[in-house]
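Student: Sending over a structure as structure tokens; questions will come in a sec.
Taken together, the values in this text are just the output of simple stated rules run on the coordinates, not laboratory data. What you see is a predicted model; the values in this text were computed from it and never measured. Please note: Cβ atoms are built from the backbone with ideal geometry, for glycine as well, and neighbour counts cover all protein chains shown.
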Amino acid sequence: MDAHTRSDPVDDQVDLAVEMFKLLADGTRLRILWALLHGEHSVGDLAAHVGAQPAGVSQHLAKLRLARLVKVRREGNRMFYAAENTHVRELVEQALFHADHVVGGDLHVDAPPPRRRREA
């Protein structure tokens with residue numbers, strides 16, 4: 001089915017997409033998600049990686065979890081976070097590749113677009 005034959009999104013879909021984009025409109029959250037695309041991390045690791053306080057990172061992760069953009073795994077008393085699924089990966093990668101394209105970078109030329117993988 002191509003874009004011309006798809007039906008318009010329903011209001012609930014649009015509203016949820018708007019809320020998701022609002023969540024991604026924060027540089028720290030986008031950096032957190034980028035790090036999580038490359039593997040699982042604890043709050044402390046993420047805080048060091050993005051240059052933020054652990055309490056702030058924890059609050060960002062809570063919002064991202066509620067939006068189902070990240071998932072958590074408990075190991076003893078430690079929590080490890082990862083990107084929820086390939087949809088999150090594609091969303092973040094495409095946003096950053098587009099930003100690079102807009103500012104005149106060459107990621108869109110040198111890097112192939114992310115491969116689409118089917119989820120089971």
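Student: Select from the range 9-27 the residues that are part of a helix (DSSP H, G or I) and hydrophobic (A, V, I, L, M, F, W, C) and write down the one among them that is farthest from ARG68 (Cα to Cα).
Tutor: VAL14
Student: Applying the selection to the range 33-64, what residues are free of Cβ contacts under 8 Å to residues at least 24 places away in the same chain, closer than 22 Å to VAL18 by Cα and charged (D, E, K, R)?
Tutor: Of the residues in the range 33-64, the ones free of Cβ contacts under 8 Å to residues at least 24 places away in the same chain are 35, 38, 44-45, 47-51, 53-55, 58-59, 62.
After this cut, where a residue has to be closer than 22 Å to VAL18 by Cα as well, the list is 59, 62.
If the condition is that a residue be free of Cβ contacts under 8 Å to residues at least 24 places away in the same chain, closer than 22 Å to VAL18 by Cα and charged (D, E, K, R), then no residue fits.
Student: Among the numbered criteria (1) surrounded by fewer than 16 Cβ atoms within 10 Å (Cβ to Cβ); (2) in contact (Cβ under 8 Å) with a residue 40 or more places away in the chain; (3) among the small types (Gly, Ala, Ser), which one does ALA67 miss?
Tutor: (1)
Student: Is it fair to say LEU30 is of a type outside the set (Asp, Glu), outside any strand (DSSP E or B), touching a residue at least 24 places away in the same chain (Cβ under 8 Å) and closer than 17 Å to ARG78 by Cα?
Tutor: Details: of a type outside the set (Asp, Glu): yes; outside any strand (DSSP E or B): yes; touching a residue at least 24 places away in the same chain (Cβ under 8 Å): yes; closer than 17 Å to ARG78 by Cα: no.
No, not satisfied.
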